[in-house]
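Where a number appears in this text, it was derived from the coordinates with a stated rule and is not lab data. Every value quoted in this text rests on a predicted model; they were computed, and no experiment measured them.
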């Protein structure tokens, strides 16, 4: 039996997404597919404690990378918008390090840097080049649908930029220590 959930996560919420996927598996639902932007399809399974991990690459992966993770017991589920989804039974992780994709914090910091470079910076550029000029231009007009739309976009972009920027900075700081 399949079940689809709608769940929104920002680029900075990947740790929460991992925890949510783990909880779903404990409830008897294993992830089988992700459909952009926010749909997760699960298949019924026996409830089990399974660790889910995400890696952000935003490009195709080498066979060596995928084989290395497979050798360490990680099952590749699929990819969605640059995110790679993996899982491993918690009982197979004998140590805390076995439950992580990355063996050192430098790799975690590099992943956060990739997220900032390829997702957050372009989001900021779109905001500055498209949203802000249109809000300023619409400011001289009356309350048109155009103005309301770009004011809504302005609020959404400001929220996403602040939320993701602050959260990614905290994650990076935690891993740099």
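For region 2-99, how big is Rg over Rh, using alpha carbon atoms and the Kirkwood form of Rh? Intermediate values should be presented prior to the final figure.
Details: Rg = 13.1 Å, Rh = 13.8 Å.
Here the Rg-to-Rh quotient is 0.94.
Along the principal axes of its C-alpha atoms, what lengths does the chain span, in descending order and rounded to whole Å?
62, 41, 28
Roughly how compact is region 65-159, stated as its Cα Rg over 2.2 N^0.38 Å to two decimals?
On the way: Rg = 21.1 Å, N = 95, 2.2 N^0.38 = 12.4 Å.
It is 1.70.
To the nearest Å, what is the center-to-center distance of region 7-21 and region 44-117, using C-alpha atoms only?
Cα centroid to Cα centroid, the span is 14 Å.
With a ≥ b ≥ c taken as the square roots of the eigenvalues of the C-alpha gyration tensor of region 65-118, please select rounded if a/c is under 1.5 and otherwise prolate if a/b is larger than b/c or oblate if it is not?
On the way: a/c = 2.33, a/b = 1.40, b/c = 1.66.
It comes out oblate by the Cα gyration axes.
So for region 105-176, what are the equivalent ellipsoid semi-axes in whole Å, largest first, each being the square root of 5 times an eigenvalue of the Cα gyration tensor?
On the way: eigenvalues 217, 22, 9 Å².
Values for region 105-176, descending: 33, 10, 7 Å.
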